[in-house]
Amino acid sequence: MSSLDDSAAIFSYHRDMLSEHGADSSLALGWLDRQSQLVRFEALTAIANLSGHSILDAGCGYGDLLIFLNQKFIGVSYTGIEQIPELFEEAVRRNSGYADSNFIPGNFVIMALPGADYVFASGSLNYQSADAGFIYKIIERLYKACRLGLAFNLLCKIPDNGLLIAYSPADIFEYCKSLCEDVELVAGYAEEDFTIFMRRPA
């Protein structure tokens, strides 16, 4: 679904950010600041009351979503997938004290995905791909992995840096409607970002 060149560009970008900002900074993950990350987490986790549910975090970075979930909900079972070794190792180090959490090294685009009640992708779908249809294939793939719902965010406005890509919220919404009857578009929490919820029938 994505080429080796795609993965190489993502690895290079995050390693450059780690070198420049250090592992303790959210800038190493590509966020403008910690607050911009938290705003997106708030938007994503509004999909449902996640207490007592299992969560799959596709492209989890440092596993910051796990910390956020545990502050807001009770009894969450969490699995994070991360392909960049430096980020994966830091995620394991930071979150080793959380019960019912698991981190898996790998590329969620091509690996077999563990099922979960809810699947999340925060910031991990914003990279350009050699495959023009990549975003639609990965949305379908992540939706198939969820039992109850999928929540993901995308950029709708970006500086032209050759790595990230922006999407039309209306186009993404319409595609998601072709897969799922219950689709919700969430906007207004950040100028350059939007969130999509895809909920399976009860």
Out of all the residues in the range 147-156, is one or more in contact (Cβ under 8 Å) with a residue 24 or more places away in the chain, buried (at least 17 other Cβ atoms within 10 Å of the Cβ), basic (Lys, Arg) and under 20 Å from SER54 (Cα atoms)? no
Check MET111 against each of (1) farther than 22 Å from THR45 by Cβ; (2) of a type outside the set (D, E, K, R); (3) touching a Ser or Thr at 6+ places or on another chain (Cβ under 7 Å) and name the one condition it does not meet. (3)
Kindly indicate whether TYR136 is within 22 Å of GLY80 (Cα to Cα) and modelled with pLDDT of 95 or more. yes
Looking only at the range 46-77, and only at residues there that are closer than 18 Å to ARG199 by Cβ and among the hydroxyl-bearing types (Ser, Thr, Tyr), the one that is surrounded by the most Cβ atoms within 10 Å (Cβ to Cβ): SER54
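GLU42 - would you say it is outside any loop (DSSP other than H, G, I, E, B), modelled with pLDDT of 95 or more and surrounded by fewer than 20 Cβ atoms within 10 Å (Cβ to Cβ)?
Yes; evaluated as a whole, the condition is true for this residue.
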Where ARG200 falls short, out of the listed (1) more than 25 Å from ASP64 (Cα to Cα); (2) touching a Gly at 6+ places or on another chain (Cβ under 8 Å); (3) crowded, with 20+ Cβ neighbours inside 10 Å: (3)
Kindly indicate which of ILE139, ILE158 is part of a loop (DSSP other than H, G, I, E, B) and β-branched (Val, Ile, Thr). ILE158
Restricting to the range 41-93, name every residue that is over 17 Å from the mean Cα position of the chain (by Cα), touching a residue at least 40 places away in the same chain (Cβ under 8 Å) and within 25 Å of ALA202 (Cβ to Cβ). HIS53
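The values are calculated or read from the model by the stated rules, or taken from the named source; none is laboratory data. For clarity, every value in this text was computed on a predicted model and none was experimentally measured. Every residue, glycine as well, gets a Cβ built from its backbone with ideal geometry; the counts of neighbours run over all protein chains shown.
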